[in-house]
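*Asks:* Let me begin by handing over the structure; questions about it come next.
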Amino acid sequence: MTTRDDCRRRDESDELAPLRDWFTLPEGVIYLDGNSLGPVSRGVRRRVNEVLDHEWATGLVRSWNSAGWMEMPSRLGDQIAPLIGARPGEVVVADSLTILLAKLIGGALALRPERHVVLTDAVNFHSDLYIARAMAARAGRPVEVRAIDRADLAGELGPEVALVLLTHVDFRTGEMLDVAGLTAAVHACGALMLWDFAHSAGAVPLDVTGAHVDFAAGCGYKYLNAGPGSPAFLYVRRSWQGVLENPLPGWLGHARPFDFEPTYEPAPGVRTFVTSSPSVLALAAMEGALEIFSYVSLDQLRTKSLALTDLFIDLIAERVPGVFEIVTPRDHARRASQVSLRHPESYAFVQALIERGVIGDFRDPDISRFGFAPLYLRYVDVYDAVEQMVAVLEGEEHRVARFAVRNPVT
Ligand SMILES: Cc1ncc(COP(=O)(O)O)c(C=O)c1O
């Protein structure tokens, strides 16, 4: 049996433990939802206040030049690049993830005009499915989006496939896919590979260069902790730059925005994927949020993340055997940084748990989802969270009527 003291000892010898102090976490809360919205860090506060009080308040419009606001999309892209194994100049920050996927899907379809299929996962995030279909419908030729069982991918690949769009980590189950292996299979049939790294960037080491990934995009507000609705990032492999076109061009992706030319001329490199004025306050939050990643390696984060999720899975099996189906793979190679539990009363269970200060979330139809962000979670938090789960179940608190009422955000 694992005890709370065992967990406390693990925290005492955890080299990442001091990083928790960077974050504001409310008293009495165990935060297991950093895979949905990361918490505020002191880097964010510092940088946002600096932009508010100095760059904007004092510098006014001059700050576009003097504070380097114009370069923020590329500057932040270069800070994110090492987190996904990209090289400088291959990542840019802009828009939201769905919009960046639209740009990449639209651009990629134009690169394979003789092919007419986009393959994706039937249980991919719904926004990815919607935007893939919308961009296929606007490809200028008939293009079919085939949403398949990802286990059948190898059999579905063929000469008609232009693009494969997969999300690296299944948002419901937390299952992680093999980036290098799947990208190689996709390339072997002559198709292009686009990865959605929403649930992996900042939590799992990635190597887009080694895996020869063509295109990728990911969220800022999950494990990167850049704030609610923060901009997203986009990766275009260097060899595709100057070839892949932005189907939603705007003045800020022009080679010379302030020449006000009537005809679009793409800026060199990945910058052409910026359409509009950068959202400076949101980018400032992201810049501050990324500071912490210069003090820790993704390998360190990954080691602790696996230890936290192992501990959680073991404690669930020990303390409430048979109550939940643990749908997240136990195999480390197939597990990201979340653990999902299937239970018919999951929605009410998560609500009851939140009332006890343990914040996770619910994903339709029956998944209780818990994220384990290694930057700020302690082993005792995992222990205490499971004890609260035991208390909810023993007291049948999840059967209380008010917990069945669905909130707009689950
Ligand atoms: C896998 C995945 N793709 C896409 C999105 C959509 O992101 P955005 O709201 O930035 O468009 C999300 C949001 O959670 C997601 O989890």
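None of the figures in this text is laboratory data; all of them are computed from the coordinates on show. For clarity, every value in this text was computed on a predicted model and none was experimentally measured. FYI the Cβ positions are ideal-geometry reconstructions off the backbone, even for glycines, and counts take in every protein chain you see.
*Asks:* May I ask for log10 I(q)/I(0) of segment 78-156 at q = 0.13, 0.14, 0.18 Å⁻¹, from a Debye sum over the Cα atoms as equal point scatterers with solvent left out?
*Replies:* -0.49, -0.57, -0.86
*Asks:* Per the Kirkwood treatment, what hydrodynamic radius in Å, one decimal, follows for segment 184-223 from the mean inverse distance over all distinct Cα pairs? Walk me through the intermediate numbers first.
*Replies:* Values: mean 1/r = 0.0906 Å⁻¹.
Averaging 1/r across every pair of different Cα atoms and inverting gives 11.0 Å.
*Asks:* Using the Kirkwood formula over every pair of different C-alpha atoms, what hydrodynamic radius in Å results for segment 112-200? Present the calculation step by step, with values, prior to reporting the outcome.
*Replies:* Working: mean 1/r = 0.0765 Å⁻¹.
Result for segment 112-200, one decimal place: 13.1 Å.
*Asks:* Could you work out Rg/(2.2 N^0.38 Å) for the chain, with Rg from alpha carbons only? Working shown, then result.
*Replies:* Numbers: Rg = 22.0 Å, N = 410, 2.2 N^0.38 = 21.6 Å.
Expressed relative to 2.2 N^0.38 Å, the Cα Rg reads 1.02.
*Asks:* Further question: To the nearest whole percent, what portion of all C-alpha pairs in segment 299-410 is separated by more than 19 angstrom? Numbers along the way, then the final one.
*Replies:* Values: 2600 of 6216 pairs.
Roughly 42 percent, rounded to a whole number.
*Asks:* OK, next. Stretch Glu387-Glu15 to full length: gain in nm at 0.36 nm per residue minus the Cα-Cα span?
*Replies:* Values: separation 372, 0.36 × 372 = 133.92 nm, distance 2.53 nm.
Once the chain is fully extended between Glu387 and Glu15, it gains 131.4 nm.
*Asks:* Moving to a separate point now. Find how much the distance from Glu50 to Arg87 grows on full extension, using 0.36 nm per residue of separation minus their present alpha carbon separation; answer in nm with one decimal.
*Replies:* Values: separation 37, 0.36 × 37 = 13.32 nm, distance 2.86 nm.
Extra length available between Glu50 and Arg87 comes to 10.5 nm.
*Asks:* Looking at segment 344-394, I'd like the Rg to Rh ratio, where Rg is from alpha-carbon atoms and Rh is Kirkwood's inverse mean 1/r. Let's see the in-between values first.
*Replies:* Working: Rg = 11.0 Å, Rh = 11.3 Å.
We get a ratio of 0.97 for segment 344-394.
*Asks:* May I pose another question? Taking each full run of DSSP H in the chain as one helix, which ones are at least 20 Å long along their axis (Cα atoms) and have mean Kyte-Doolittle hydropathy of at least -0.5? Numbers along the way, then the final one.
*Replies:* Working: long enough: 97-111 (21 Å, 2.12); 298-319 (31 Å, 0.25); 379-394 (23 Å, 0.64).
Correct list, ordered by number: 97-111, 298-319, 379-394.
*Asks:* Using R₀ = 25 Å, calculate the FRET efficiency as 1/(1 + (r/R₀)^6) where r is the Cβ-Cβ separation of Ala255 and Thr58; round to 0.05.
*Replies:* On the way: r = 31 Å, r/R0 = 1.24.
Efficiency, rounded to the nearest 0.05: 0.20.
*Asks:* Quick check: residue separation of Thr275 and Arg75 times 0.36 nm, minus the Cα distance between them. What number comes out in nm?
*Replies:* On the way: separation 200, 0.36 × 200 = 72.00 nm, distance 1.61 nm.
In short, 70.4 nm is gained.
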